[in-house]
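These notes are about the structure you will find just below.
The values are calculated or read from the model by the stated rules, or taken from the named source; none is laboratory data. These figures come from a predicted structure and were not determined experimentally. Virtual Cβ from ideal backbone geometry, glycine too; neighbours counted across all protein chains shown.
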């Protein structure tokens, strides 16, 4: 049935040697390196992005996140980050940089295009089905990241709480919480940012599932690489990826120092259940509050890949030694997944994925005895 459906779609499908899904940092890095290896936009590679404009997840950051507070951002390959005023909102500055990057490297991103499913297309090709038509491709680089899948844990009593609940991705700034009591749940950078801003205008409580680990040293490239390596081990074993932040600890960023100054870092363990007015802890402690901010992270956006049956028994998608190649299907590369889900690993992953699919295309051409399509045989 799947094969018949694929044949029906292929008659009007557009063809591209490589389809890149997502134009965030990892996707743009992959597109840059594909172009360096001789593939051209259109028949060589096609970049599809669900966003209405450039910027990826950065376009959705809260307006209070300024460039001075952004830490660990790595500029895209082949284009330095221009100087920005420290107080410029990151949601303005970085999408502007991404847009300039797309123009400078002629990457021709198609947007807004939402991918619905990727499935077998017959003759060794994949079908990429979207709300703007279908593409058939020899290789796929999936760079959909995590931003579109905010995670909120299932908590007893959540439906009974009479106050407001929101995920940190919906946070627009502290002004909406002025004079209220706010519970912030989560142990990562987003939780710290919300605490640092909200504690100045509201009464805050901080809850984490595990005790937070505070680093006294600054975040360095070496620390980042070590964190990426730890996450990479999980995805090579086919386990669901952990976040890079979960293994780096909390460095002394300006946000953390401000939260500490405001006395907002007195952490409580996870509560047992929510109540209509607040929460109850296992030891009987109760607290009342008006708002819960779930700074509980994100999950990989890979649901459109479900028809390919890529998941391992461990629940994740197992990657090969490159950190991007899917063991179950060498035509598929995952970037912005696991070790490359932050800017620390996105550029490297984009290059690794481009190299892998380039070699795959060359090997196919050599095996078929067909003339090359102009691909440069660079490593």
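List of remarks:
- Any chance residue 344 is at pLDDT 95 or above and either assigned by TED's automatic domain parsing to the domain that holds residue 78 or surrounded by 22 or more Cβ atoms within 10 Å (Cβ to Cβ) (or both): no
- Complete set of residues in the range 51-75 that are surrounded by 18 or more Cβ atoms within 10 Å (Cβ to Cβ) and in contact (Cβ under 8 Å) with a residue 60 or more places away in the chain: 51, 56, 57, 62, 64, 65, 69, 72
- Residue count for the range 65-89, restricted to those that are over 17 Å from residue 28 (Cβ atoms), out of contact with any strand residue (DSSP E or B) (no Cβ under 7 Å at 6 or more places or on another chain) and at pLDDT 90 or above: 4
- Restricting 192, 141 to those that are in contact (Cβ under 8 Å) with a residue 24 or more places away in the chain and outside the structural domain of residue 18 (by TED's automatic domain parsing) reduces the list to 192.
- Taking the criterion of being touching a helix residue (DSSP H, G or I) at 6+ places or on another chain (Cβ under 9 Å) and within 27 Å of residue 249 (Cβ to Cβ), the only residue of the range 77-89 that qualifies is 81.
- Qualifying positions in the range 257-274 - touching a helix residue (DSSP H, G or I) at 6+ places or on another chain (Cβ under 6 Å) and either under 28 Å from residue 158 (Cβ atoms) or assigned to a loop (DSSP other than H, G, I, E, B) (or both): 259, 264, 265, 274
- Selection count, the range 154-169, where residues are free of Cβ contacts under 8 Å to residues at least 60 places away in the same chain and in contact with a strand residue (DSSP E or B) (Cβ under 8 Å, 6 or more places away or on another chain): 0
- With respect to the conditions (1) outside the structural domain of residue 15 (by TED's automatic domain parsing); (2) touching a strand residue (DSSP E or B) at 6+ places or on another chain (Cβ under 7 Å); (3) assigned to a helix (DSSP H, G or I), residue 182 falls short on a single one, namely (3).
- For residue 42, the test of being modelled with pLDDT of 90 or more and either surrounded by fewer than 24 Cβ atoms within 10 Å (Cβ to Cβ) or outside the structural domain of residue 130 (by TED's automatic domain parsing) (or both) is passed.
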